[in-house]
1. Identify, among Ser83, Phe33, Gly50, the residue whose Cα sits farthest towards the positive end of the charge dipole of the chain, taking +1 on the Cβ of Lys and Arg and -1 on the Cβ of Asp and Glu, with the dipole about the Cα centre.
2. How would Val105, Val142 line up from fewest to most surrounding beta-carbon atoms within 10 angstrom?
3. Treating the chain as a set of equal point scatterers at the Cα positions, no solvent, please give the Debye-formula log₁₀ I(q)/I(0) at q = 0.09, 0.19 Å⁻¹.
4. Quote the charge dipole size of the chain about the Cα centre in Debye, to the nearest 20; the model charges only the Cβ of Lys and Arg (+1) and of Asp and Glu (-1).
5. Go ahead and estimate [θ] at 222 nm for the chain from helices alone: -39,500 (n - 2.57) per DSSP H run with n ≥ 4, summed, over the residue count, rounded to 500.
Amino acid sequence: MIPLYAEMQLTDLDTVADAEQRCHGFPWTRGNFYDSLAAGHGAWLAREAGHMTGYAVMMRAPDEAHLLNITILAELQRRGRGSALLHYLFDQARAWGATRMLLEVRPGNASGLALYRCHDFSEIGRRRDYYPARGGREDAIVMARAL
Ligand SMILES: CC(C)(COP(=O)(O)OP(=O)(O)OC[C@H]1O[C@@H](n2cnc3c(N)ncnc32)[C@H](O)[C@@H]1OP(=O)(O)O)[C@@H](O)C(=O)NCCC(=O)NCCS
């Protein structure tokens with residue numbers, strides 16, 4: 001089924017925050033999504049037959065788009081939906097005038113790293129102690145891709 005993409009609304013936040021809890025080891029809170037919308041970041045839902053299958057949040061910067069969150073519901077992963085959503089984000093970022101997409105990912109996030117490598121992101125650096133982790137902090141791998 002071809003997904004439909006729509007801008008995330010305040011009324012979606014309970015559903016999104018609930019999915020986030022189930023899909024991430026260190027989930028964003030509802031307040032994090034609220035703050036993203038309030039800050040004017042791009043935020044979209046993917047839907048199939050009216051049901052949310054995933055979502056993404058992306059920040060706009062001069063010439064660049066910074067991918068902050070991309071999630072596909074756990075039970076629907078590994079069937080191409082993450083790739084499709086990422087391609088939609090590439091189009092959105094190009095429409096903003098961005099020539100590069102940036103993101104951070106945990107070194108231990110195998111699915112995230114695999115998705116990004118599969119779509120030509122390459123590592124451009126590390127941010128030390130960027131993420132909270134069990135018993136301390138975890139570095140972030142910074143990745144980028146031309147658009
Ligand atoms: C990362 C994520 C969005 C990928 O979504 P997805 O729908 O599973 O991705 P796709 O099915 O389009 O996968 C595309 C390719 O990425 C790679 N990949 C994705 N998940 C993988 C995994 N768990 N292990 C190994 N490779 C993986 C594969 O090469 C895959 O192609 P293939 O299935 O033909 O082998 C999804 O796993 C997710 O929501 N994870 C939890 C949230 C998260 O960590 N988001 C990223 C950081 S914010």
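1. Ser83
2. In increasing order of surrounding Cβ atoms, one gets Val142, Val105.
3. Values returned for q = 0.09, 0.19 Å⁻¹ are -0.26, -1.30.
4. It comes to approximately 380 debye.
5. Rounded to the nearest 500, it is -9500 deg cm²/dmol.
Quick note: the coordinates plus some simple rules give every number you see, no bench work behind them. Not measured: the values here are computed from a predicted model. Quick reminder, even Gly has a Cβ in these numbers, built from the backbone with ideal geometry, and neighbours come from all protein chains shown.
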